[in-house]
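Written out below as structure tokens is the structure these notes cover.
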């Protein structure tokens, strides 16, 4: 290792890499900016383990038969020396499903997600086989707990998100044993070393803070196929809003986009508006202030809370909720909920399609076809040139999608593009260096037509 | 002629004795040379046979290469389709789970009150 001392500017203070709350930041094992447990306050580890135990208790109450155990970093550190690793960034739980078929395993995982939500946890779905349970402490985001899904298939392969696939017998995993984690007994897989080697390779006994996962393609492909990815850049967007201090200084609702102003002049006064992918909620709050009945959603959590709070303070009446547009089940439920009101709806999605992965479009279009059944229009824009067409590191994608592609994809859902409008819009409030030059976009007006049977 | 024959008969025995004294293995060498010539002839025949066989094998190898190239081409073409099909098949599991979850957790609870007992009676009987 090479070390050197450097000075930035003329300050004598040591350089710090902190978030807005003063909590230190690290580059984590996924190559992204994140937090290490050692950078939090001294009570962090015990608080994290308390939270982990609460999750175990909630699961045990409803599923006493389900073996839940610590795994990944929360098994590795404590199994070596009884301590949580200071450079770790979360706590990890896993469970062994009684099912051996991926479809049954996923159905059960959905049910476990509901159990945790009903118990009051902020459980977000990272994949059909991975939940993240988030916590706050004194108004700040605290370290989270992962819940990973494991099962043994009928060929005897122990598959465990997100890095384990090996031949194993059920009796090598359960019944669990107890290991010491920072002075408290926690359940662990029956043969911890089997899991540790599968997770970290044969060198797991030697601490390696720079460890990076190298998951075989055969494992990645299976988990992608069976469990998909419900996050799809969510972490990156959340990180962006979390660390974008400059953007957070702009009073919410004070910076509507050109598109929102344009829309306001084209829809009936007081119309019901549903904004998809609202981000910080500037447009939604501004539209509400213009007298529209606005509901807005996004899959990023902190901006939704901030926007809801701003709406309350401003008396704007806009409602905000966290909803993941990659989650078919949530989108269909939203469509049913909105459709039940039997009123025309204006759906507004600015800057969504350019950042929305192809895998989600059938879900979005299914949702639109439900949302527009009682009439109304969807207003969506799509960039005509790409800022970042290929996935980057730590930055979400941004790319053009041809209107004709969208038109063809919409048709089977009864969706029709009724009008196209070219626009030039400055893309601000994004993780990219978009500059101040306007980006050419196409605004689409979409309606739903009842299919002829 | 008779005289020449007589000379030869007279000389043959001493010459043979002389040759035997000077080169005792003459007969053996002579026999070996004949054998060697025969071997060379056999080798030539073998080489010719091998060349024919080699040409046939070369021809078969060329054909095999062609077939292998064709098969490799088909495999290269098929592998992405297979991988895509495998992914599609794996994703069907997720789709089944999502749809089952939707039906049991949303569709049925939402429409519970709409169940018409008369419609229920009209459902086709299923296997016992």
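The values are calculated or read from the model by the stated rules, or taken from the named source; none is laboratory data. The model shown is predicted, which means the values in this text are computed figures rather than measured ones. Cβ coordinates were reconstructed from backbone atoms using ideal geometry, including for glycine residues, and neighbour counts include every protein chain displayed.
For residue A:286, state whether it is closer than 26 Å to residue A:443 by Cα, more than 14 Å from chain B (Cβ to nearest Cβ) and not in a strand (DSSP E or B). In short, yes.
Scan region B:69-128 residue by residue and report those that are away from chain A (no Cβ under 14 Å) and under 30 Å from the mean Cα position of the chain (by Cα). Hits for region B:69-128 are B:69, B:70, B:71, B:72, B:73, B:74, B:75, B:76, B:77, B:78, B:81. The condition (being assigned to a helix (DSSP H, G or I) and farther than 30 Å from residue A:130 by Cβ) is satisfied by just one residue among B:34, B:90: B:34.
The set of residues in region A:140-157 that are free of Cβ contacts under 8 Å to residues at least 60 places away in the same chain and under 20 Å from the mean Cα position of the chain (by Cα) contains only A:144. Given the structure, is residue A:128 under 18 Å from residue A:326 (Cα atoms), within 18 Å of the chain's Cα centre (by Cα) and away from every other protein chain (no Cβ under 12 Å)? So residue A:128 does not fit the description; no.
So for region A:174-182 (the condition being at pLDDT 95 or above and within 14 Å of chain B (Cβ to nearest Cβ)), does at least one residue qualify? No: region A:174-182 contains no residue that is at pLDDT 95 or above and within 14 Å of chain B (Cβ to nearest Cβ).
Which of the residues spanning region A:314-329 are touching a residue at least 12 places away in the same chain (Cβ under 8 Å), surrounded by fewer than 21 Cβ atoms within 10 Å (Cβ to Cβ) and more than 22 Å from residue A:114 (Cβ to Cβ)? Listed by number, the residues that qualify are A:314, A:317, A:319. For region A:223-233, the condition of being assigned to a loop (DSSP other than H, G, I, E, B), modelled with pLDDT of 95 or more, surrounded by 13 or more Cβ atoms within 10 Å (Cβ to Cβ) and away from every other protein chain (no Cβ under 14 Å) holds for none of the residues.
Among the residues that make up region A:258-275, is at least one of them within 23 Å of the chain's Cα centre (by Cα) and closer than 22 Å to residue A:367 by Cβ? Checked against the condition, which is being within 23 Å of the chain's Cα centre (by Cα) and closer than 22 Å to residue A:367 by Cβ, region A:258-275 yields at least one hit. Annotation: residue A:114 fulfils all but one of (1) within 11 Å of chain B (Cβ to nearest Cβ); (2) more than 22 Å from residue A:321 (Cβ to Cβ); the unmet one is (2). Determine whether region A:356-368 contains at least one residue that is part of a loop (DSSP other than H, G, I, E, B) and either within 13 Å of another protein chain (Cβ to nearest Cβ) or on the phi < 0 side of the Ramachandran plot (or both). The answer is yes; a qualifying residue exists.
Looking only at region A:110-123, count every residue that is outside any helix (DSSP H, G or I) and surrounded by 17 or more Cβ atoms within 10 Å (Cβ to Cβ) and tell me the total. Result for region A:110-123: 2.
Is it the case that residue A:334 is free of Cβ contacts under 8 Å to residues at least 60 places away in the same chain, surrounded by 18 or more Cβ atoms within 10 Å (Cβ to Cβ) and outside any helix (DSSP H, G or I)? It is false that residue A:334 is free of Cβ contacts under 8 Å to residues at least 60 places away in the same chain, surrounded by 18 or more Cβ atoms within 10 Å (Cβ to Cβ) and outside any helix (DSSP H, G or I). Residues that are assigned to a helix (DSSP H, G or I), within 14 Å of another protein chain (Cβ to nearest Cβ), in contact with a helix residue (DSSP H, G or I) (Cβ under 6 Å, 6 or more places away or on another chain) and closer than 19 Å to residue A:63 by Cα are absent from region A:136-159. The requirement of being within 14 Å of another protein chain (Cβ to nearest Cβ), outside any helix (DSSP H, G or I) and crowded, with 18+ Cβ neighbours inside 10 Å is not satisfied by residue A:107.
With respect to (1) assigned to a helix (DSSP H, G or I); (2) in contact with a strand residue (DSSP E or B) (Cβ under 9 Å, 6 or more places away or on another chain), the lone exception for residue A:203 is condition (2). Looking across A:92, A:50, A:100, A:65, one residue alone is on the phi < 0 side of the Ramachandran plot, part of a loop (DSSP other than H, G, I, E, B) and more than 14 Å from every other protein chain (Cβ to nearest Cβ). It is A:65.
Taking region A:68-88 only, how many residues are out of contact with any helix residue (DSSP H, G or I) (no Cβ under 8 Å at 6 or more places or on another chain) and part of a loop (DSSP other than H, G, I, E, B)? Going through region A:68-88 one residue at a time, the tally reaches 1.
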